[in-house]
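A.B. asks: Input: one structure, supplied below.
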Amino acid sequence: MDNTALFNLSYGVYVITTWGEGRATGCTANSAMQITSTPATIAVSINHDNYTNKCIKDTGIFAVNILGENVDPVIIGSFGFRSGKDVDKFEGIEPLVKEFTPVLPQAISYITCKVINTMETDTHTIFLGQVTDAGNLSKDIPMTYSYYHKVVKGTTPKNAPTYKGD
């Protein structure tokens with residue numbers, strides 16, 4: 001099988017946020033998609049090892065923060081390459097709170113969700129969330145995963161679904 005064919009699937013770059021032990025937390029993700037329009041339902045895939053996975057299970061809520069091409073790459077790195085178990089990823093960032101869910105003010109748009117179902121794979125949990133709110137925060141072009149790699153020259157952590165190794 002030629003796994004490089006999977007690299008041609010279109011992805012975005014998102015930060016999935018929720019609450020953990022009384023503080024905002026989250027992780028960078030590229031696997032988020034709309035499943036239905038009525039009711040509006042979103043699916044996100046989060047690695048079992050990510051602290052965010054546990055926190056979404058505990059709270060039953062999450063937000064998809066859509067990042068733009070002009071977002072500070074530090075945001076992607078801070079939320080993607082450090083664990084919320086060990087550091088406060090929102091240090092220096094005052095989250096907006098939408099439908100009781102933390103939202104990154106640096107996002108161009110947000111979608112808050114209430115978990116309505118989950119599916120477990122060997123490595124990830126797929127959370128299905130019914131949309132509770134959505135809004136636009138700024139104008140920018142949504143960042144694609146391809147743009148992240150080709151223009152930003154970003155890398156992928158080992159626990160990402162699209163990690164391809166060295």
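Rule-based calculations on the coordinates, nothing more; no lab input. Predicted, not measured: the structure shown is a model, and the values here were computed from it. Glycine gets a Cβ as well: all are built from the backbone with ideal geometry, and neighbour counts include every protein chain shown.
A.B. asks: Determine the gain in length on full extension of the stretch Glu69-Ile141; use 0.36 nm per residue of separation and subtract their C-alpha separation, reporting nm with one decimal.
C.D. replies: Details: separation 72, 0.36 × 72 = 25.92 nm, distance 0.58 nm.
Residue separation times 0.36 nm, minus the Cα-Cα distance, leaves 25.3 nm.
A.B. asks: For segment 11-150, what class follows from the C-alpha gyration tensor (a ≥ b ≥ c being the square roots of its eigenvalues): rounded when a/c is under 1.5, otherwise prolate if a/b is larger than b/c, else oblate?
C.D. replies: On the way: a/c = 1.25, a/b = 1.10, b/c = 1.14.
It is rounded, given that a/c, with a ≥ b ≥ c, falls under 1.5.
A.B. asks: Roughly how many nanometres apart are two label points built 7 Å out from the Cα toward the Cβ at Ile116 and Asp2?
C.D. replies: Here the answer is 3.9 nm between the modelled labels.
A.B. asks: Taking 0.36 nm per residue of sequence separation and subtracting the Cα-Cα distance, how much length would be gained by fully extending the chain between Asp58 and Val87, in nm to one decimal? Numbers along the way, then the final one.
C.D. replies: Details: separation 29, 0.36 × 29 = 10.44 nm, distance 1.87 nm.
Gain in length upon complete extension: 8.6 nm.
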